[in-house]
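One structure is given below, encoded as structure tokens.
The values are calculated or read from the model by the stated rules, or taken from the named source; none is laboratory data. Everything quoted here is computed from the prediction, not taken from an experiment. Glycine gets a Cβ as well: all are built from the backbone with ideal geometry, and neighbour counts include every protein chain shown. Each accessible area value is taken on the protein alone, full model and side chains, heavy atoms only, with ligands, DNA and RNA left out. Shrake-Rupley method; radii C 1.70, N 1.55, O 1.52, S 1.80 Å.
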Amino acid sequence: MKLIADCGSTKIDWCLIENGKVVKQVFTTGMNAVMLTEEEMAQRIAAELMPELGSADGIEAVHFYGAGCISPEVCDNVANAIRKSIPAPVINVATDLLAAARALCGHEAGIACIMGTGSNSCYYDGEKICDNVSPLGYILGDEGSGAVLGKILIGDVLKNQLPADLCEKFLKQYDLDRMAIIRRVYKEPQGNRFLASITPFLIQNIDRPEVHALVLNSFKSFFIRNIQQYPGYDKLKVNFIGSIAYYYKDVLTEAANACNCTVGTIIKSPMQGLIEFHA
């Protein structure tokens with residue numbers, strides 16, 4: 001049996017597969033490997049995954065794709081954390097971007113992107129990631145992501161850049177005021193997840209011109225600042241994984257067309273593609 005993990009900041013999707021078929025699927029709390037110690041990750045795996053999994057018997061390989069798995073040292077920490085609960089002979093740890101590329105492109109060349117709480121992109125040659133424009137996180141980059149869309153929305157609400165009725169509707173819907181927002185963003189941990197959590201307001205009001213423009217401009221910024229840096233971007237399909245890309249696919253396609261890009265596959269989760277890849 002093989003255990004595949006798709007790890008994001010919000011949740012981890014674990015799938016135990018045998019002969020290409022899912023034996024068991026478990027969801028646990030997300031984690032960013034850069035922000036947690038090896039021991040903290042090991043404790044989460046032991047406390048959240050193992051009671052649901054039941055046993056590690058028969059697991060021959062673990063393929064873990066995670067947010068923050070950006071260096072050999074971090075990947076080693078994750079592998080060691082997994083090994084404490086699952087002593088499989090093979091434990092491979094890689095970035096969530098490689099998961100996106102493998103799930104979206106398989107063994108074909110293309111541009112693969114993540115657009116969920118954060119955003120990222122790469123040029124993939126069918127085997128490995130050959131080029132990657134650094135996403136830089138939601139403060140310096142992450143254009144088009146849920147965190148950045150939420151950041152722009154809140155800024156426009158608090159600075160009265162949206163119509164008064166929309167501002168009032170937003171604050172009432174989420175039971176927020178200026179001080180509560182500042183506390184959630186600057187004082188409490190994981191401000192990016194809070195910012196991403198308010199993006200449903202945008203899709204609910206996407207027919208309003210001001211909201212449509214906010215989302216469209218952020219997506220255009222993603223294509224201009226990231227995708228257009230890859231050689232031949234205008235000849236390759238740009239493929240997406242993530243909730244933001246999935247739910248805003250119409251506006252995303254509109255932004256792509258405006259930036260001379262062609263959108264290919266858009267899926268919400270990479271797991272099915274990873275199952276096929278590893279089967």
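For this structure, a couple of remarks:
- Single residue of Asp234, Asp165 found to be open to solvent by 50 Å² or more (accessible area, probe 1.4 Å), more than 24 Å from Met35 (Cα to Cα) and in a helix (DSSP H, G or I): Asp165
- Residue list for the stretch 11-52, filter: in a helix (DSSP H, G or I) and either surrounded by fewer than 19 Cβ atoms within 10 Å (Cβ to Cβ) or polar (S, T, N, Q) (or both): Glu38, Glu39, Glu40, Gln43, Arg44, Ala46, Ala47, Glu48, Met50, Pro51, Glu52
- Looking only at the stretch 142-190, residues that are within 24 Å of Lys11 (Cβ to Cβ) and either touching a strand residue (DSSP E or B) at 6+ places or on another chain (Cβ under 9 Å) or touching a residue at least 40 places away in the same chain (Cβ under 8 Å) (or both) come to 13 in all.
- Of the residues making up the stretch 1-10, those that are of a type outside the set (A, V, I, L, M, F, W, C) and either more than 17 Å from Glu52 (Cα to Cα) or open to solvent by less than 50 Å² (accessible area, probe 1.4 Å) (or both) are Asp6, Gly8, Ser9, Thr10.
- Within the stretch 53-87, being part of a helix (DSSP H, G or I) and of a type outside the set (Asp, Glu) holds for Leu53, Pro72, Val74, Cys75, Asn77, Val78, Ala79, Asn80, Ala81, Ile82, Arg83.
Yes/no per residue for (1) in a helix (DSSP H, G or I); (2) under 14 Å from the mean Cα position of the chain (by Cα); (3) among the small types (Gly, Ala, Ser):
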site: Leu104; (1), (2), (3): yes, yes, no
site: Ala112; (1), (2), (3): no, yes, yes
site: Gly126; (1), (2), (3): no, no, yes
site: Tyr138; (1), (2), (3): yes, yes, no
site: Glu143; (1), (2), (3): no, yes, no
site: Gly155; (1), (2), (3): yes, no, yes
site: Asn160; (1), (2), (3): no, no, no
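- Only one of Asn132, Asn226 that is closer than 21 Å to Ile267 by Cβ and open to solvent by 60 Å² or more (accessible area, probe 1.4 Å): Asn132
- Cβ-Cβ under 7 Å pairs, at least 6 apart or on other chains, the stretch 195-209 side within 14 Å of Gln173 (Cα to Cα), far side among the polar types (S, T, N, Q) and open to solvent by 60 Å² or more (accessible area, probe 1.4 Å): Phe201/Gln173
- Among the residues of the stretch 201-217, those that are within 16 Å of Glu143 (Cα to Cα) and surrounded by fewer than 17 Cβ atoms within 10 Å (Cβ to Cβ) comprise His212, Ala213, Asn217.
- Tally, over the stretch 237-273, of residues that are assigned to a loop (DSSP other than H, G, I, E, B), without any contact (Cβ under 8 Å) to a residue 60 or more places away in the chain and open to solvent by 30 Å² or more (accessible area, probe 1.4 Å): 2
- Residues that are open to solvent by less than 30 Å² (accessible area, probe 1.4 Å) and either under 25 Å from Asp125 (Cβ atoms) or touching a residue at least 60 places away in the same chain (Cβ under 8 Å) (or both) within the stretch 57-77 comprise Ala61, Val62, His63, Phe64, Tyr65, Gly66, Ala67, Gly68, Cys69, Val74, Cys75, listed in sequence order.
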